Ligand SMILES: Nc1ncnc2c1ncn2[C@@H]1O[C@H](COP(=O)(O)OP(=O)(O)OP(=O)(O)O)[C@@H](O)[C@H]1O
Ligand SMILES: Nc1ncnc2c1ncn2[C@@H]1O[C@H](COP(=O)(O)OP(=O)(O)OP(=O)(O)O)[C@@H](O)[C@H]1O
Ligand SMILES: [Mg+2]
Ligand SMILES: [Mg+2]
């Protein structure tokens, strides 16, 4: 479904990505693992055309994404739960959800379904984005992404800075989405939880994919985690 | 070989006035066969952008670089005032075809600066007199809040003498006069006199119409109604009365020649500003002829111009220079009347005959 | 140049609905290197902004070297020697490294009437600046315009500027963020060499740095201090493991 | 905000060339050029002064013509009361501009960005309307200045005198600004533009520094006004109408923001262009307008982009990273 | 000063306020959301006035004239956006001021070239000509129309921005446009549309103002300055702010002009009152703006 080859990227003068290779098959959940600043968000930025790759190719269903405008990437059916939530502060919760929503077919995500998923948002529907707690903002960001009915959902640090309970909730939601057959790329600090969810994983280190494999394989090699993640 | 410099406002909102003057002057030059007093003439033109410092610079350029024999045009009062010192110092013959502000009519008068149009107060003095003759008991005065405006109202009062019901000065460049007009409505004066030249005047008349006052209330004005504003106002101007030393319908041969020639050449009716410049050319022609083409002596040239002032063929029928080089001329009251689907001019009276301005006494020359 | 301590009492900062800082009580001894860790958005940077005075606290008190400073303007606290580095690099892009550091070093002198002599002619200031630049391993780029520096070097400069303003207490907001491993190691060395000379409040996601430098660690979650203690205490603190290090933290 | 390497040799070259103007003009028998360039130098002076706030501190003052006007009327009004002592006029101009600068600056600097642009404009408009309605001093007809400023040793009686006065003042100001730019004050001033928050964090008062610069700039602009008044022997409200402020900005940007000789080159370029286009057609604004647009589009450092030094200056802060939402968020969190 | 006069003065203020609002709402949207300061907005107003007048004289249909004006201004706006604004979005306001300053010069001269430098004739449709009696004094019918249009536009704009999806996206884009585009929305197109909308409103204002104000080159600037004052006072980016500020400023300006001389007259002799009054009147709004900015640097109604 998605394949990235030899991806490299710079922020002005500082190179963040050197050589990234990865691919995602339809229906599977892929984990991106690595310490802070290893380039995971940068990969995502490149994927969504927010950052022009310096080299390499990204293809989605055979379509080349390199240098495609972000909105066109979005219309292809990719959707993002960005690092740091990035919900729209001047819109109410409900507006946040419907502003960018896209209906595809009957089985599409709707307000009701989202509210079913996150009852908390229903209570806060009339509040402005800024008036939400971090956790609620995170739920809103996920809901907003789902409302575009994506074929590939990308979550960057979706559990960042959330109270443990909320985190658990998010993980269970992601599990449900997986069961519904949604393809996902998940970036998260909490490797253990991530491995429980993901089918396959890629470890990034200093902008290079240093390891790839299934979750069981990775779980069997704690030294890898220690080396590349081990807080 | 005579060199004339023309300086006027040729860009921006007021460009029309400068253009009229230039066209008027060039028409005369053409009718005179490209010669003034038998000498082939070259006319340089500059745009003062209505900026005093630019105007001063242009005059200096004419004098120092182009070494012109005469300067024509000289723009609005504020520009002219900035130019006076250069003109005085150089002694070059200068003919203002637009402004005649009080200072240069009085203390600031000079032997080599002539005003071809009118002393600024003239037309409003005419209106003041007219108002008196009509026996208006109380008149309502309005103008923009600036020097010229204040002079005009002073001029009006000088000859009116009756009671002034109210004297309103509106901020310069104001666009909408609804508020003031509403005030006039509720004040119910015998007559209204305003000084709003250019586009502002057009606004004013139009808004007067919309308020339903036009025709109900005698509306006196000056420098508002001319063929430019009429083109914009059309029927809406009908009923407005204005004071002027000249009108297209003024009956004398030179004027017929002028109006016909102007409309033929420029496809539009002439204005007071065009006349002043047109006369200026014939005046120079007369003066230079008298000098036999020798214009090198500035003093003699100036003297010749002054003398020729009463001898050249003017479109105004009668013209002469006062001691302070301001015009001595008749002033008329005209009314705009309906004329088919267009408008026409109707002379109401010759209000002032051989009128002299009020400042001549202050002029030591 | 003696280090000073810092104490906060029930410090609160609200952003609209969100309590970014939620009753923080913190005690930092003079000369101590105190690390604050916590998830993104926990309120670490906000806390620093409160300490420096760039944000006004809604409640609570801040005592700097025995003096109540909450509500006082930034300038005054800087005057007392409270300096910071920024998480989002904020250096003067158009200037060279030296110029950047000099600006910091000049703060004590002030710039009133200093309109004629070029900055470069202020001898002692320049020397000091150069010394600090050397200390921060930036000598070879000393005269480069900083907009042309690599990200890591910009981070180093960030610290250098804070040092140049001769602080008595330093607040460092993720100084190692975005540094390469080597740069990070160097930075750790630098901080170690500074230990004791200044009081240092260190915010860092990089646990190696924290665990190898800190005297004490406080854990900030959701604007609340959930734990304060020695490295060992924190490592084994159950709630911290849950809230930040993660259940599988094997640090 | 580039440190112009070429500034070093630009200054002497430029001023020697300018010093030659009167003689060349004489030789060519075109004394008018002295007048023209005198006017150029006066506006160059104003542009330099504006550069201090706009170029160095990045404060877009859209009302600087106000100070030109104040300078003019300091001469005009004093000579109206028969006081033509240049030193007294100079003192008045400086005092008035400093005072107005202090008050206006104190209010304006509370705002920033568009707010600052507009409020400076507002104050300029206030003074404009004030002078328009002051009929004692000619209102909008302006005020003739019959006695040139008399400085004892010399009088600003003619274009040539004004030219040399302007030349000297401009030279002094240029050197002063060149020094100031590198001085600690200048550095901090420029720093306030790049990153005011950090400047505050070092314990400098951004407000004070900017205010000082604004007042200085106002006073220097006032000098330009004083010279203009003598050049045209006239003081008029139109000297402080807002298009004049606009033109000053244009000159500055053409020449190069924050550069030392930029404003001078800019003033020359702008006024010469204007003169030239006017010669071409009566509708010269049809050309001038687009030229200005193009300049705005292409120029980052005015004419500096023609003589650009090796290392490129900083990429526009918002250019590269801002694209990434991460940064957008971070800056939202961090700023203010 | 009787009450009926006061009321009709108030009405005049409101009507001026409506014109200002039409102009400033576009300006404030463009500035608040694209962060682009457009001095050429006054020129768009002028375009509207000229096109409106010309097409009315040609067709005799007022509706058509208005439509033509809106469309023309919108298209010019689109052109501006593409050629000038887009490249400058990311740059310093300074360059935007500069570029649009140049555009202003260009359009003013262009108007002279095309329509000549005499005030251009714009008639009032005879149906709307004349006056009705309000509060015991005559009040022009046409001005009542203007007020009505203004109210309609205000409501429309409010609905568009607050209630429609377009508005939501616009507001979202204002705070974080990369995020909007990531979610599959072509924010650039959105901005183009918004720019056109703003330009169209300016055109509408021009077309409406044409028949009461003289249509001529340079007519845009005075109004532009007022509009800028309005958006700054109202708080940049806020339609509501623009509306409130436009009304406040227009009414204060109108009443100031009408009453200040009288007030002064009551305690100083008429001569000097006449001298000082108008000066104060013309400075009034600038004083107001200075005060607002001094105490509420972000305007009276800051963008929510
Ligand atoms: N806008 C930016 N400008 C310059 N450098 C950046 C920018 N954003 C990220 N970087 C650098 O690029 C590298 C990769 O950053 P990235 O955000 O991809 O890390 P990450 O894996 O997402 O880590 P985390 O999200 O936990 O911070 C880091 O060195 C970071 O400092
Ligand atoms: N100016 C602001 N307005 C509104 N909310 C803010 C503001 N600044 C920060 N916040 C919120 O306050 C919370 C704490 O922010 P802060 O930057 O202090 O977190 P942090 O601990 O520094 O996170 P990180 O580790 O990513 O730097 C976050 O939820 C942030 O969104
Ligand atoms: Mg990341
Ligand atoms: Mg932080």
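Just wondering, is there one or more residues in region C:14-37 that are within 16 Å of ligand 1 (Cβ to nearest atom) and either surrounded by 21 or more Cβ atoms within 10 Å (Cβ to Cβ) or without any contact (Cβ under 8 Å) to a residue 24 or more places away in the chain (or both)? Spell out how you get there, then give the answer.
Let us first name the residues in region C:14-37 that are within 16 Å of ligand 1 (Cβ to nearest atom), namely C:37.
Then drop every residue that is not either surrounded by 21 or more Cβ atoms within 10 Å (Cβ to Cβ) or without any contact (Cβ under 8 Å) to a residue 24 or more places away in the chain (or both), which leaves C:37.
For region C:14-37, residues within 16 Å of ligand 1 (Cβ to nearest atom) and either surrounded by 21 or more Cβ atoms within 10 Å (Cβ to Cβ) or without any contact (Cβ under 8 Å) to a residue 24 or more places away in the chain (or both): present.
Cβ-Cβ below 6 Å, separation at least six or inter-chain, first residue in region A:18-45 and away from chain C (no Cβ under 14 Å), second within 16 Å of ligand 2 (Cβ to nearest atom) and not in a strand (DSSP E or B): which pairs?
Listed pairs, sorted by first residue: A:32/A:40; A:45/D:324.
Taking residue E:54 and the conditions (1) more than 7 Å from chain D (Cβ to nearest Cβ); (2) surrounded by fewer than 22 Cβ atoms within 10 Å (Cβ to Cβ); (3) out of contact with any strand residue (DSSP E or B) (no Cβ under 8 Å at 6 or more places or on another chain), which numbered condition does it fall short on, given that it satisfies the others?
So residue E:54 meets the others, but not (3).
On the basis of being in a loop (DSSP other than H, G, I, E, B) and more than 13 Å from chain E (Cβ to nearest Cβ), does residue A:122 make the cut?
no
Just wondering, is there one or more residues in region C:171-186 that are at pLDDT 85 or above, away from chain A (no Cβ under 14 Å) and part of a helix (DSSP H, G or I)?
No, that holds for no residue.
Look at residue A:77 and say whether it is within 9 Å of another protein chain (Cβ to nearest Cβ) and within 16 Å of ligand 4 (Cβ to nearest atom). Outline the logic, then answer.
Values: within 9 Å of another protein chain (Cβ to nearest Cβ): yes; within 16 Å of ligand 4 (Cβ to nearest atom): no.
No.
Going by what's in this entry, would residue E:124 be described as within 8 Å of another protein chain (Cβ to nearest Cβ), closer than 25 Å to residue B:228 by Cα and part of a helix (DSSP H, G or I)? Give the derivation first.
Numbers: within 8 Å of another protein chain (Cβ to nearest Cβ): yes; closer than 25 Å to residue B:228 by Cα: yes; part of a helix (DSSP H, G or I): no.
Taking the combined requirement at face value, the residue does not satisfy it.
Considering C:101, C:125, C:146, which residue is more than 16 Å from ligand 3 (Cβ to nearest atom), at pLDDT 80 or above and within 14 Å of chain A (Cβ to nearest Cβ)?
C:146
At least 2 residues that are touching a helix residue (DSSP H, G or I) at 6+ places or on another chain (Cβ under 9 Å) and within 15 Å of ligand 1 (Cβ to nearest atom) in each: list the helices (runs of 4 or more DSSP H) lying fully within region A:138-231 that qualify. It would help to see each step written out before you state the result.
On the way: elements: A:164-179, A:191-197, A:215-219, A:222-228.
Helices (runs of 4 or more DSSP H) meeting the threshold: A:191-197.
Of these, B:346, B:256, which one is without any contact (Cβ under 8 Å) to a residue 24 or more places away in the chain, within 21 Å of the chain's Cα centre (by Cα) and not in a helix (DSSP H, G or I)?
Within the list B:346, B:256, the selection yields B:346.
When you scan region D:163-172, do you find a residue that is assigned to a helix (DSSP H, G or I) and under 30 Å from residue C:125 (Cα atoms), even just one?
Scanning region D:163-172 turns up at least one residue that is assigned to a helix (DSSP H, G or I) and under 30 Å from residue C:125 (Cα atoms).
Taking region D:220-256 on its own, how many of its residues are under 11 Å from the mean Cα position of the chain (by Cα) and within 14 Å of chain C (Cβ to nearest Cβ)?
1
Assess whether residue C:74 counts as being away from ligand 4 (no atom under 16 Å from the Cβ), farther than 14 Å from residue D:187 by Cα, touching a helix residue (DSSP H, G or I) at 6+ places or on another chain (Cβ under 6 Å) and assigned by the TED database to the domain that holds residue C:197.
Against the criterion (away from ligand 4 (no atom under 16 Å from the Cβ), farther than 14 Å from residue D:187 by Cα, touching a helix residue (DSSP H, G or I) at 6+ places or on another chain (Cβ under 6 Å) and assigned by the TED database to the domain that holds residue C:197), residue C:74 qualifies.
Would you call residue A:63 touching a helix residue (DSSP H, G or I) at 6+ places or on another chain (Cβ under 6 Å) and either assigned by the TED database to the domain that holds residue A:6 or at positive phi (or both)?
For residue A:63, the condition - touching a helix residue (DSSP H, G or I) at 6+ places or on another chain (Cβ under 6 Å) and either assigned by the TED database to the domain that holds residue A:6 or at positive phi (or both) - is not met.
Of all residues in region E:155-170, which are assigned to a helix (DSSP H, G or I) and free of Cβ contacts under 8 Å to residues at least 60 places away in the same chain? Don't jump to the end; show me each part of the working.
So in region E:155-170, the residues assigned to a helix (DSSP H, G or I) come out as E:155-163, E:165-170.
Within region E:155-170, E:155, E:156, E:159, E:160, E:162, E:163, E:165, E:166, E:167, E:168, E:169 meet the criteria.
Given the options C:96, C:21, name the one that is more than 16 Å from ligand 4 (Cβ to nearest atom), touching a strand residue (DSSP E or B) at 6+ places or on another chain (Cβ under 7 Å) and within 14 Å of another protein chain (Cβ to nearest Cβ).
Among C:96, C:21, only C:96 is more than 16 Å from ligand 4 (Cβ to nearest atom), touching a strand residue (DSSP E or B) at 6+ places or on another chain (Cβ under 7 Å) and within 14 Å of another protein chain (Cβ to nearest Cβ).
Among what's in region A:23-43 and is part of a strand (DSSP E or B) and closer than 18 Å to residue A:182 by Cβ, pick the residue that is nearest to ligand 3 (Cβ to nearest atom).
A:32
Please state which one of C:55, C:50 is within 13 Å of ligand 4 (Cβ to nearest atom), closer than 19 Å to residue D:198 by Cβ, in contact (Cβ under 8 Å) with a residue 12 or more places away in the chain and part of a loop (DSSP other than H, G, I, E, B). Reasoning before the result, please.
Details: C:50 fails: part of a loop (DSSP other than H, G, I, E, B).
After applying the criteria, what remains is C:55.
How about region C:60-79: which of its residues are in a loop (DSSP other than H, G, I, E, B) and over 16 Å from residue C:24 (Cβ atoms)?
Matches in region C:60-79: C:65, C:66, C:71, C:72, C:73.
Go over the candidates D:76, D:152 one by one and state the one that is part of a loop (DSSP other than H, G, I, E, B) and away from chain E (no Cβ under 14 Å).
One residue alone meets the criteria, D:152.
Applying the selection to region C:65-80, what residues are away from chain D (no Cβ under 14 Å) and either within 16 Å of ligand 2 (Cβ to nearest atom) or in contact (Cβ under 8 Å) with a residue 12 or more places away in the chain (or both)?
Scanning region C:65-80 gives C:65, C:66, C:67, C:70, C:71.
Any residue that is touching a helix residue (DSSP H, G or I) at 6+ places or on another chain (Cβ under 7 Å), surrounded by fewer than 24 Cβ atoms within 10 Å (Cβ to Cβ) and within 11 Å of chain E (Cβ to nearest Cβ) - is there at least one of those in region D:265-275?
The answer is yes, given that some residue of region D:265-275 is touching a helix residue (DSSP H, G or I) at 6+ places or on another chain (Cβ under 7 Å), surrounded by fewer than 24 Cβ atoms within 10 Å (Cβ to Cβ) and within 11 Å of chain E (Cβ to nearest Cβ).
Given the options D:267, D:329, name the one that is within 16 Å of ligand 2 (Cβ to nearest atom) and either within 30 Å of residue C:14 (Cβ to Cβ) or at pLDDT 90 or above (or both).
D:329
The values are calculated or read from the model by the stated rules, or taken from the named source; none is laboratory data. These figures come from a predicted structure and were not determined experimentally. Using ideal geometry, Cβ is built from the backbone for each residue, glycine included, and neighbour counts are taken over all protein chains shown.
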